[in-house]
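For reference, the structure discussed in these notes is given below.
The numbers here are math on the coordinates, done by the rules we state, and not lab data. Every value quoted in this text rests on a predicted model; they were computed, and no experiment measured them. As a convention, Cβ positions derive from the backbone with ideal geometry for all residues, glycine included, and neighbour counts pool all protein chains shown.
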Amino acid sequence: MSNVAAHADDRGHAHAHHPALQHHFDTMAQQKEAAVVGMWVFLLTEILFFGGLFAAYMVYRIWYFDAFAEASRSLSLFWGGLNTAVLIGSSLTMAMAVRCAQTNKRTATVNWLILTMILGAVFLGVKVIEYADKFEHHHVPGYNFQWAAAHEAPAAGEHAVAASEGAAAAEGHRELSLTPAQLQLTTQIYFSLYFTMTGLHALHMIIGIGIMLVITRMAYQGKFDQEYYTPVEMAGLYWHFVDIVWIFLFPLLYLVERHV
Amino acid sequence: MSGHVSPISLYITIFMALMVLTVATVGAAFVDLGQFNFLVAMIIAGFKATLVIWYFMHVKYASKLTKLTVATGIFFLAILLGLFLVDYGSKAFTQMPPFLS
Amino acid sequence: MLDQLKMPARNYLNNGHGLASWLLTKDHKRIAIMYLISISVMFFLGGLFAVGIRLELATPAGDFVQAGTYNKFFTAHGVIMVFFFLIPSIPAVLGNFLIPPMIGAKDLAFPRINLISLYIYWIGGVFTLYAMLSGGVDTGWTFYTPYSATGSNSNVVPVALGIFIAGFSSILTGLNFIVTIHRMRAPGMTWFRLPLFVWAHYATSLVQVLGTPVIAITIVMLAVERGLGFGIFDPSRGGDPVLFQHLFWFYSHPAVYIMILPALGVQSELISTFSRKTIFGYSFVAFSSVAIAVFGFIVWAHHMFVSGISTYAAMVFSFLSFSVAIPSALKVFNWAATLYKGAISFETPMLYAYGFMGLFTIGGLTGLFLATLGMDIHLHDTYFVVAHFHYIMVGGAIMGYLGGLHFWWPKITGRMYSEFFSRIAAILVFVGFNLTFFPQFVVGYLGMPRRYHSYPDEMQVLNVLSSAGASVLGLGYLLPAIYLVWSLKKGEVAGPNPWGASGLEWQTQSPPLTENFVEVPIVDREPYEYEHVAAKEKHLV
């Protein structure tokens, strides 16, 4: 690959510049390398952005482990696992999209990108189902947050159905170190972090899908070739990063203590 | 200069590995390993993340500078979490959270 | 001789006219000029609140404003000065303008992102100012929980979101610099031929990129707690307010280095140029910048010794904090060694450089007092702390900024300012500054707490001194605003290299072309080759 760049240099200006080469760069190689490093530096900030949340999570998980374990068991492993699979799948399709752009396959690039967006949308759809479930159970932190209600108030009737999965795990299999009042507060911290983390993750996915819409259009118009496919690659890096965040969020949120 | 083109079979292999590891991490969560549950979950997640970074994100074929950038991110994340533990870890010797005591 | 110099016919300033040619430009130099104007406005706005503070503290009784208003005053002063003046000051103005010509590049790596960062800064600034004017915020610039999360009735979330937005401007600037310094250097411009200004900006950019996202996520957590009723930091909901302080200072301590590191870079340029000597221990000064940036991330909890962190952690952080003194002191010693036997001259930028050296040393050493556990128990939250960080931020960062601005003004505008008035201003700033802040060390040591609008009668003398000094300082800041603007039209034409400096940016015309150089320069010299320059001048005579 460096051969091509060297050739272009040898011939100097006789060799026509690639239309995507910006004026302040000398070669396409320099421009691409700058973009890759720039994107990684941006992902560096993203690591630290989520890092702050992970730090908060770490502190409260150490302090309120039992509450975290309790609250974590109320999450649906089915939906969480499905979403993990969907997102890993979308990473595969994204990698394929980049590969097709590298090898100058226009239609295939567009198709893989569309498939990636569909998988992203499926992930978000599942997230909507999960969020709706939290609203029903009063598991959304704030003034209506009720941890005990879901388990201890079947008399209300309307909550009886809602109390299915989490209640089974919660009903006195073992003694908790926290009183119900403490549990009410500490599980709220778990759910505050749950919503902040998954919410920001979902926001990143929405932004990612937005970026991909633009990239797909550009790919469809034939703006990329094997020399210039940087936008596809950048979108790919971003998408994979979002995938990695979820790879950590899944065990941290869904699998705190499942074996009880 | 089209960059390194990985074979499709590699991508499929990585995808399969990620899926297997996902099943493994769920499975491991149902086994009582005491303190080690968390460690196992994080090791598996870290391994999955490494696979994605190394192969899907092409860091294996990227310049030294890109590799250094990735390492910097992990290093500073470790500083953040590690020094938080210096406070919260040593706090546990002396006092409980104000809310519980 | 100067009369013969003419302004270059073609330069970045006359390459395109009208508002659109500025607002849509991708030229790093024009973006730097727009940053310069924006941060100057912010500086005087922030200064206005400082005037309010000093007026109130001229008398012991709280008679000028009420306590609540006073809280809003110092919060506004802090927020505007820290997030909208000091953080962007040197990087976004001087760094933006000078890094490409210093390394022989046509532009930054991502010109469009550079412009976007300016717009983001504007949006954040307008957002914050609007929130400040429509009610203000009274938490102090630190936004400590639980007061900010549940107690305060003021515009906490809008102001915090303004800072959140402006943070992205800072991140993008840092990102641009890192990639530019790595990938855009001219042929022959190796890492150890880079000016120390560029090294300092590289270190600064690391901090911007790594630290800023943490304050961003902290603000998000604060906003969801306050706005949506989530429980994260509020102790009545099981949260830990100290966690907020940890996260806040993980950014805000390194942020101090975002402010001071570029000033240290400016300082190296000034000292070397005006003593006509190669900088002493180049590689040590270069690496000390990076060391300060990295150490800056492992010392943050020294702000929290009395906030209820564990005793063991306090000891660890106290020890680590001392380690920052090593690279900082190394720089000061190297500057002193550079001056030794140099052909020193006393132009305005050099006056600022001298001021910087003294004030930075005092600020740094008092920082060691505060990093000492026992001392900090006594001094925490007193005016001693206020004086300490003003010695670093005003005595250090702003002196560095003004020195740099005067040094590169002829490069930026192509014209010289009045040497007479600029020297007077430099002296006024130095005298006014010390008069303002030195008494605060004393009054703080005597026990006057910060952030109160009234104080005991015995402390009036020192506070009046401080307020008097503030007016001298204010005058010292107003003067440059006048004579620098005046020089735009009336100043003498400067020529490409009025100081006889050795940097690559002085090899091109002033003001430079849009592309900076006529053709890509090839660097075959070491940095700061003043002995070489002096020999050449002698030969010519």
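Before moving on, here are some points about what is shown:
- Where a label projected 7 Å from the Cα of C:R450 along Cα→Cβ would reach, residues of the stretch C:115-154 with amide N under 18 Å: C:137-148
- Efficiency of FRET from Cβ geometry, C:S307 and C:E458, R₀ 30 Å, rounded to 0.05: 0.55
- Each of C:L228 and C:V431 was given a label point 7 Å from its Cα along the Cα-to-Cβ line. The distance between the two points is 5.7 nm.
- Spacing of the two label points (7 Å from each Cα toward its C-beta) at C:T190 and C:V41, in nm: 4.6 nm
- Cα shape, the protein assembly as shown, gyration tensor, a/c 1.5 rule: oblate
- Distance (nanometres) between label positions extended 7 Å along Cα→Cβ at A:V214 and B:H4: 2.9 nm
- Rounded FRET efficiency, nearest 0.05, which uses the C-beta distance separating A:L203 from C:Q66 and R0 of 35 Å: 0.30
- Gyration tensor verdict on the stretch A:28-254 (Cα atoms; rounded if a/c is under 1.5, prolate if a/b is larger than b/c, oblate otherwise): prolate
- Compared with the alpha-carbon gap, the fully stretched path from B:L81 to B:L33 is longer by 14.9 nm at 0.36 nm per residue.
- Chain C: calculated mean residue ellipticity at 222 nm from DSSP helix runs of at least 4, using -39500 (n - 2.57): -22000 deg cm²/dmol
- Peptide C:70-79 is shielded by partner chain Cβ atoms: per residue, an average of 0 of them sit within 10 Å of its Cβ.
- Cross-link reach list, lysines versus C:K331, counting only Cα pairs under 24 Å and skipping chain neighbours closer than eight places: C:K277, C:K341
- For C:400-409, mean number of other protein chain Cβ atoms within 10 Å: 0
- Debye, to nearest 20: dipole size of the protein assembly as shown, +1 on Lys, Arg Cβ, -1 on Asp, Glu Cβ: 2040 debye
- Across peptide C:103-115, the average count of Cβ atoms from other chains found within 10 Å of a residue's Cβ is 3.
- Cα-based shape type of the stretch B:1-60, given that a ≥ b ≥ c are square roots of the gyration tensor eigenvalues and the cut on a/c is 1.5: oblate
- Cross-link reach is defined here as a Cα-Cα straight distance under 19 Å, omitting same-chain residues fewer than 8 places apart; for B:K64 the lysines meeting it are A:K32.
- Most positive-pole-ward Cα, C:A166, A:F54, A:Y194, against dipole of the protein assembly as shown from beta carbon charges: C:A166
- Among C:193-203, B:78-88, the peptide with the highest mean count of other Cβ atoms within 10 Å heads the list, and the full ranking is C:193-203, B:78-88.
- Between C:W486 and B:K60, the FRET efficiency estimated from the beta carbon spacing at R0 = 60 angstrom works out to 0.50.
- Cα-based reach from C:K490 at 17 Å (exclusive), listing aspartates and glutamates while leaving out same-chain residues under 8 positions away: C:D3, C:E419
- A compact globular protein would have a Cα radius of gyration near 2.2 N^0.38 Å; the ratio found for chain C is 0.95.
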